[in-house]
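The structure appears below as structure tokens.
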Amino acid sequence: MTEVLVDHGDADVANEVASNAGARFSNTSMAKLVMRADGDDRLTGSISRRADISPTLFRPLLIQATEAVRLKLLADAPPAQKDVIKQVLDEISAQVGKDNWKPRNYAEAKRAVAELSQDTELAKSKILEFADSKQVAEMIAALSVLSAVPVDQIDRLFRTANEFGLTVLCKASALDLDTAYAVIMARNGRTTSADMRAYDGFHHHYDELSVASAQRVIRFWQGRQKIVQHFQSQAALSA
């Protein structure tokens, strides 16, 4: 039942489920909730108060949260959790200080993959080719063509602390297991043969997702991103 509510429920339903201390989540369902919480302060708060959220998912939950939400979580957290939150916030601050990231220019990559829109199978094979050769811009542009998700949103998924969002995008695009794994390894700057244990773990999580479920999660996430971008635009105009 929890899986169904996470997959099909709107923002209010997702928050109600996350707030229910008696609800039980699989790792995949909890990861979906964390992805849906991107841009949703209320859901972020509800998930953060759950005792069953793993450290693996708690960190990206904090990273994608706004500064105001992070401070509120720290103020409201029980003593046992404060140290964990402080540690993650210190890591975030240190990373921001080192971060020399600059947005990629996708204009050339978009031109290179433009013809793929007419051939789904060719697009999938090119994504594998680009992933294996670490042509990240071309890989992301080809994913955009295949999924109809804008390049800037895929770039955001590619750079987030949690690889689950990109995994969901791969499943929503109906990529086979090996192609999806190559995309995840390209995200991590590694080769597909680097760690077979990682492959086995990915295989399990990828099989747990259905294409329809992944597509719903992507739609929810995109909806939140549009709302966030709207308010950011309004704030910029008011400044």
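The values are calculated or read from the model by the stated rules, or taken from the named source; none is laboratory data. A quick note: this is a predicted structure, and the numbers were derived from the prediction, not measured. As a convention, Cβ positions derive from the backbone with ideal geometry for all residues, glycine included, and neighbour counts pool all protein chains shown. The area values use the complete protein model at the heavy-atom level, side chains included, leaving out ligands, DNA and RNA. Shrake-Rupley method; radii C 1.70, N 1.55, O 1.52, S 1.80 Å.
Details
- Degrees between helix 136-147 axis and first principal axis of the chain (Cα, 0 to 90, nearest 10): 90 degrees
- Rounded to 10°, Cα long-axis angle of helix 27-36 versus longest principal axis of the chain: 90 degrees
- Once the 1.4 Å probe is applied to the protein heavy atoms, region 39-163 comes out at 56 Å² accessible per residue.
- Largest mean-square fluctuation among Lys82, Lys126, Lys134, in a Gaussian network model of the chain whose springs join Cα atoms under 10 Å apart, belongs to Lys82.
- With Cα atoms, 0 to 90° folded angle of helix 211-238 axis to the chain main axis: 70 degrees
- Dipole in debye (nearest 20) - the chain, about Cα centre, beta carbon charges: Lys, Arg +1; Asp, Glu -1: 580 debye
- Partner lysines for Lys171 [C-alpha distance under 25 Å; skip if fewer than 8 residues away on the same chain]: Lys32, Lys110, Lys124, Lys126, Lys134, Lys226
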